[in-house]
Amino acid sequence: MKRLSLTAADTVQFSKIVRGLKFFGSMNMAMLERVLEGLQLCEGERGEKVCVQGEVGDTFFVVQKGGLTVSVRKGRLSWSRRIARLGPGDCFGEMALLNDAPRNATVACDSVSRLFVLAASHFRAVLDQNPEFSKEINELASARQFELDQKARFD
């Protein structure tokens, strides 16, 4: 993915989007400003894979422009099955912010797409400075992982 210059308007747009997410909603402005210090804006070409199922997750993404397809494979020899489409304002990779677990799906660009990218290492450094918030985020992550595990059982 090609890295782009991040403008003040871009950071405002990212902030507005993530304020509606559980992982960021209760974050105070000082913490959000520290998170923004690690934010990047990248552009992917049509067909480019942003992340691949099974690889270690180390980044969180927010779609600024474009469209992406989320697909999963049940086994090594099975075909990929599209499970979702993402567009502006959609996010993926939030579990990577807290642990280095393998990606649950492959995400690829359907068209030229711009994505806000946040490295998990930067997010974790902000959490390390805020133990109470870190505890809250880990509880949210545990609940989210439980949801994902339950969904996987019934798919």
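The values are calculated or read from the model by the stated rules, or taken from the named source; none is laboratory data. The structure presented is a predicted model; accordingly, all values stated were derived computationally and were not measured. All Cβ positions, even for glycine, are placed from backbone atoms using ideal geometry, and neighbour counts span all protein chains on display.
Structural remarks
- Just one of the listed residues (LEU115, LEU98, LEU86, LEU68) is over 28 Å from GLU136 (Cβ atoms), crowded, with 20+ Cβ neighbours inside 10 Å and not charged (D, E, K, R), and it is LEU68.
- Residue match in the range 52-66 (condition: of a type in the set (A, V, I, L, M, F, W, C) and touching a helix residue (DSSP H, G or I) at 6+ places or on another chain (Cβ under 6 Å)): yes
- Hey, ARG103 surrounded by 19 or more Cβ atoms within 10 Å (Cβ to Cβ), closer than 26 Å to ASP128 by Cα, modelled with pLDDT under 95 and basic (Lys, Arg) or not: yes
- On inspection, LYS74 fails the criterion of being of a type in the set (Lys, Arg) and in contact (Cβ under 8 Å) with a residue 40 or more places away in the chain.
- The residues of the range 100-137 that are part of a strand (DSSP E or B) and over 12 Å from the mean Cα position of the chain (by Cα), listed by number, are PRO102, THR106, ALA108, CYS109, SER113, ARG114.
- Candidates in the range 91-127 are the residues that are among the polar types (S, T, N, Q) and in contact with a strand residue (DSSP E or B) (Cβ under 6 Å, 6 or more places away or on another chain); of these, the one that is farthest from VAL18 (Cα to Cα) is THR106.
- Residue count for the range 72-83, restricted to those that are surrounded by fewer than 17 Cβ atoms within 10 Å (Cβ to Cβ), touching a strand residue (DSSP E or B) at 6+ places or on another chain (Cβ under 7 Å) and of a type outside the set (Ser, Thr, Tyr): 3
- LYS16 vs. criteria more than 21 Å from LEU127 (Cβ to Cβ), charged (D, E, K, R), surrounded by fewer than 12 Cβ atoms within 10 Å (Cβ to Cβ) and out of contact with any Gly (no Cβ under 7 Å at 6 or more places or on another chain): yes
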